[in-house]
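So the structure is just underneath, and the comments pick up after that.
Every read-out reported here was derived from the displayed coordinates using simple, explicitly stated rules and does not represent laboratory data. Quick caveat: nothing in here was measured; it's all calculated off a predicted structure. Please note: Cβ atoms are built from the backbone with ideal geometry, for glycine as well, and neighbour counts cover all protein chains shown.
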Amino acid sequence: MKTIVIFIIIITGIAVWFFVSNSSSPQSDIIAKNGLHWHANLSINILGEAKDAPAGIGLAGLPHNPMHTHDRDNVIHLEFSGLVKKNDLRLGRFFETWGKTFNEQCIFDKCSGSDGILKMMVNGGENTEFENYMMRDEDKIEIIFEKP
């Protein structure tokens, strides 16, 4: 009898593990199953003045945020282990980690209106996804706030 109970517990455990591990994310949302190591270049220009991302964004505390900067070279490091989903790579997540505002209307304290217009370019083409843009390896992202 004891053997049967142990067998049932083991089978139940395997079934629960299989269900949980295979139902957490739709396949279309998965970018990588075994992590990734990508880099994107970020350029921010506000009214003609370049604004650099500081070194060490996302590196305070342990574990480090997989989306971070090492130096003041405007390179966003995307160093994920395990499962990586589309939402993990959103540009807005980098700004959340940095503690700065970025969306379709505003960059930092500058918002589209009479003071200027916000636009974003990715790899030379205009992009309107702003904070929802999913970064890719070797992206060249330009965020520009300029006079109308």
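Charges were assigned to the Cβ only: +1 to each Lys and Arg, -1 to each Asp and Glu. The resulting dipole of the range 26-146 about its Cα centre is roughly 340 debye. When 62, 36, 91, 47 are arranged by Cβ crowding within 10 Å, least crowded first, meaning fewest neighbours, the order is 62, 47, 36, 91. Put in order of Cβ neighbour count within 10 Å, fewest first, the listed residues 135, 67, 1, 121 become 1, 121, 135, 67.
Positive-end ranking of 91, 102, 36 along the dipole of the range 26-146, with charges on Cβ about the Cα centre, is headed by 36. Each DSSP beta bridge with both residues in the range 26-146 is either parallel or antiparallel, and the antiparallel ones are about 80%. Normalised by the number of residues in the range 26-146, the average gap of Cα pairs under 8 Å and 6 or more apart makes the relative contact order 32 percent.
Which GluC sites (Glu not before Pro) in the range 111-148 pass both tests, a DSSP loop state and at most 14 other beta-carbon atoms within 10 Å?
129, 138
When each of 84, 122 is scored by the number of other beta-carbon atoms lying within 10 Å, the sequence from fewest to most is 122, 84. So which trypsin sites (Lys or Arg not before Pro) in the range 26-86 are both in a DSSP loop and have at most 12 other Cβ atoms within 10 Å of their Cβ? Qualifying residues, ordered by number: 33, 72. For the residue pairs 86/110; 86/140; 86/119; 51/140, alpha carbon separations beyond 26 Å are given by 86/110.
If you take all other residues with their beta carbon under 11 Å from the beta carbon of residue 44, and give Lys and Arg +1 and Asp and Glu -1, the sum is 0.
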